[in-house]
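Asker: Structure below; questions to follow.
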């Protein structure tokens with residue numbers, strides 16, 4: 001499933017975006033996407049507002065716009081969704 005960036009991190013400074021990216025990558029490597037704690041019948045769970053995949057996509061998008069020389073140009077996919085009947089004309 002493709003995740004389309006929204007640009008929600010564009011308002012943040014570049015060092016902050018890089019820190020968020022690094023933290024999301026660390027969470028993926030540690031296998032942390034949800035935390036829960038149970039003790040004597042009490043249960044507490046915490047889920048992150050954005051899953052790590054979405055965070056990485058948003059960080060990449062923002063970094064490509066803020067510093068394309070370092071992070072490369074924005075990913076652009078062009079799709080033609082029309083009829084191809086003109087070929088033989």
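Values in this text are rule-based calculations from the coordinates and carry no lab data. Nothing here was measured: the structure is a model prediction, and the numbers come from that model. Every residue, glycine as well, gets a Cβ built from its backbone with ideal geometry; the counts of neighbours run over all protein chains shown.
Asker: Measure off 7 Å from each Cα along the Cα-to-Cβ vector at residue 45 and residue 30, then give the distance between these two points in nanometres to one decimal.
Answerer: Between residue 45 and residue 30, the label points sit 2.0 nm apart.
Asker: Obtain the nm distance between the two label points defined at residue 3 and residue 53 by a simple spin-label model: each point lies 7 Å from its Cα along the Cα-to-C-beta direction.
Answerer: With each label point 7 Å from Cα toward Cβ, the separation is 0.7 nm.
Asker: Once both labels are modelled 7 Å past Cα along the beta-carbon direction, what's the residue 14-residue 38 spacing in nm?
Answerer: In this crude label model, residue 14 to residue 38 measures out at 4.7 nm.
Asker: Sorting 61, 37 on the 10 Å Cβ count, fewest up front, what's the list? Provide the component values of the computation, followed by the final result.
Answerer: Working: 61 22, 37 9.
Ranked by crowding around the Cβ, least crowded first: 37, 61.
Asker: Taking a virtual spin label 7 Å from the Cα of residue 74 along the C-beta vector, which residues in region 3-23 bring their backbone nitrogen under 11 Å of it?
Answerer: The answer is 5-7, whose backbone nitrogens lie closer than 11 Å to the label point.
Asker: Follow-up question, since we're still on this one. Sort 22, 51, 39 by Cβ crowding within 10 Å, fewest neighbours at the top.
Answerer: Fewest-to-most ranking of 22, 51, 39: 39, 22, 51.
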